[in-house]
Amino acid sequence: MQSGNRVLLKNGFIVDGTGKKGKNGDLLIEGGKIERISETPLQVDCEVIDCTGQVIAPGFIDMHSHMDWIVPTSGRDDLKSPFTDQGITTFIAGNCGHSPFGLKEDSQFKEFIQLTGKLPFEMNWNTVSGYFDNLGEVGLNHNLATFVGHGTTRTSIRGFDPSPLSPQEMKEMLYLLEESMDQGAVGVSFGLGYEPGIFASNDEIAEIARLVKSKDKLISVHARAYSSFSNFYPIEEDGLPHNVLSINEMLSIARETGVRLQYSHLMFAGSHSHTTYAQCLEVLDQAAQEGIDVMTDTYAYHCGNSIINVFISPWFLEDVPNNYHNPEALSRLEGELDFVSQALGFGYDNIQISNATHPELNKYNGMFLSEIAEELGVSPFQVTMDFSEKTGGRASVLNHNYSNMEVMDALIRYPRCLFMTDTVVNPEGGIQNPASFGNFPRLLQFARDRKLVSLEEVVRKMTGASAERFKIKDRGVLQEGLAADITVFNWDTVKDNNTVKETDKSPTGIEAVFVNGRQVKKSSQVKADIHSGSVLPV
């Protein structure tokens, strides 16, 4: 990391990330730090940037990122620049149970992890420390703090074996997770909708949560269900919606262990799930009133990244590849998916192949499963099975109909909801997730145009509140002596330019970005060759 030069930001509207009312003033950057903040004009012999009519804010913190799988890549600045372009200066990575570290030494599954992660680099380390050392060699465009993924550590010990962990395996997993936290991970993430997280018992999760609590760190959870019906819970007449059951399940573990819980990317798959959002927020509010430390997060789109196997029942995945050719299993699964589709208002016409990453299937990138089925003259279920089997369940998909504007408005307003992207730029191309290119400008745009929260509050949610959540002490607010991570934007014009068909457009209104005092975006130009980011101490 290289410190920045002396730069004076003049005549801006300073919004400091704490939620306090903004004020007009000047801000002086020196040596990578914020040297002075003054309502009285400063006269300094240095580079001056006129910020008249613009907001000077802390750099945006993407508090649920998967960029830990991308930042070790050399020579692929195109995968990183879109996040700078939208004002992001810090990633909180390692989410959804997956991280490119936390591995058992000499694991026989290391190559498998690398293949399933579709890594664009050689993973020549096992530990968090080894990973951080590598980042020091490659150079960072952004700051990074990261969870360690339970799923990755579990996979390194015993692959995707669905049977319960032995006492020795559990002991080994706890040791590796503790080692990762001791080396700087902010906590442990779970991916309970993905292999191998789908096989984890609540006892296993609770045991890890107790360990995390002992370190005063966080767990983040991609939960079992984000819809009113799912394949994870039995269907009971007059029972609670499954997404509410899923929240209650994790709250029970938090209540039992006292761990701090980040309930990841609250979304509502399918039009019939949208109406449950108020009930879900009420459950979270009640838990917080009990003293449970729980928050959630959201992005500004009705779609999100996943993989094709996220739709397939755990019982089916427990015996693949055999079940791909078992007529009885296929018939049962097809019936389940048809029922869930009708119950949710979410089906094959909402699932878009973003990148099949398979030579026979890449020609279908950008098409929805129902469109592929029509072109091939087969059922959408058969298409799903073909993509699952041929890609090992790792075909990237973009799922639509995750929310509507009423839901999104409520989440942006919700006091216990922070902001994130939950995405990466797919290094192999295909249809990109628009959140990689315009999410934070879109959040600002919605807050402004829909009058959801004040300028000061929307900035706090994407800066100071996220830094506080992860106990990052020198970022997220504009204060003399702290690191100069700064985003300058035009509150009147900032907006996202993506559409359903064009998902990789640069935003409007993000005027300047500084990472540790060095300017990495000037007007519309991102300076991708400046590696001023750092691994953040936690």
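The numbers here are math on the coordinates, done by the rules we state, and not lab data. From a predicted model like this one, the values you see are computed outputs, not experimental measurements. Backbone-built Cβ (ideal geometry, glycine too); neighbour counts: all protein chains shown.
Points worth noting:
- Subset tally (residues that are touching a residue at least 60 places away in the same chain (Cβ under 8 Å), within 20 Å of W491 (Cβ to Cβ) and in contact with a Gly (Cβ under 8 Å, 6 or more places away or on another chain)) for region 13-63: 18
- Hits in region 136-149 - residues which are buried (at least 18 other Cβ atoms within 10 Å of the Cβ), of a type in the set (A, V, I, L, M, F, W, C) and more than 25 Å from H222 (Cα to Cα): L140
- Counting only residues that are over 24 Å from I431 (Cα atoms), touching a helix residue (DSSP H, G or I) at 6+ places or on another chain (Cβ under 6 Å) and outside any helix (DSSP H, G or I), region 314-357 holds 0 of them.
- Any chance A528 is aliphatic (A, V, I, L, M), in a helix (DSSP H, G or I) and touching a residue at least 12 places away in the same chain (Cβ under 8 Å): no
Yes/no matrix, rows are residues, columns are (1) within 30 Å of T155 (Cβ to Cβ); (2) aliphatic (A, V, I, L, M); (3) surrounded by fewer than 22 Cβ atoms within 10 Å (Cβ to Cβ):
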{"position": "L9", "(1), (2), (3)": "no, yes, no"}
{"position": "T18", "(1), (2), (3)": "no, no, yes"}
{"position": "E35", "(1), (2), (3)": "no, no, yes"}
{"position": "I61", "(1), (2), (3)": "yes, yes, no"}
{"position": "M67", "(1), (2), (3)": "yes, yes, no"}
{"position": "I70", "(1), (2), (3)": "yes, yes, no"}
{"position": "S74", "(1), (2), (3)": "yes, no, yes"}
{"position": "H98", "(1), (2), (3)": "yes, no, no"}
{"position": "G102", "(1), (2), (3)": "yes, no, no"}
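- Selection within region 152-172 - surrounded by fewer than 17 Cβ atoms within 10 Å (Cβ to Cβ) and within 19 Å of F316 (Cα to Cα): G159, D161, P162, S163, P164
- For region 491-525, a tally of residues being among the small types (G, A, S), buried (at least 21 other Cβ atoms within 10 Å of the Cβ) and without any contact (Cβ under 8 Å) to a residue 60 or more places away in the chain returns 0.
Yes or no, residue by residue, for (1) closer than 17 Å to N143 by Cβ; (2) surrounded by fewer than 24 Cβ atoms within 10 Å (Cβ to Cβ); (3) of a type in the set (D, E):
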site: R416; (1), (2), (3): no, yes, no
site: R448; (1), (2), (3): no, yes, no
site: E456; (1), (2), (3): no, yes, yes
site: G476; (1), (2), (3): yes, no, no
site: I486; (1), (2), (3): yes, no, no
site: F489; (1), (2), (3): no, no, no
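- Pair list, Cβ < 6 Å and 6+ apart or interchain, from region 163-177 residues that are touching a residue at least 40 places away in the same chain (Cβ under 8 Å) and part of a helix (DSSP H, G or I) to residues that are among the hydroxyl-bearing types (S, T, Y) and surrounded by 13 or more Cβ atoms within 10 Å (Cβ to Cβ): L176/T153; L177/T153
- Subset of region 41-89 (residues that are within 17 Å of P434 (Cα to Cα) and assigned to a helix (DSSP H, G or I)): M67, D78, L79, S81, P82, F83, T84, D85
- In region 419-447, the residues that are assigned to a helix (DSSP H, G or I), in contact with a strand residue (DSSP E or B) (Cβ under 9 Å, 6 or more places away or on another chain) and farther than 18 Å from H400 by Cβ: F440, P441, L443, L444, Q445
- Positions within region 35-75 being within 30 Å of C417 (Cα to Cα) and of a type in the set (S, T, N, Q), in sequence order: Q54, S65
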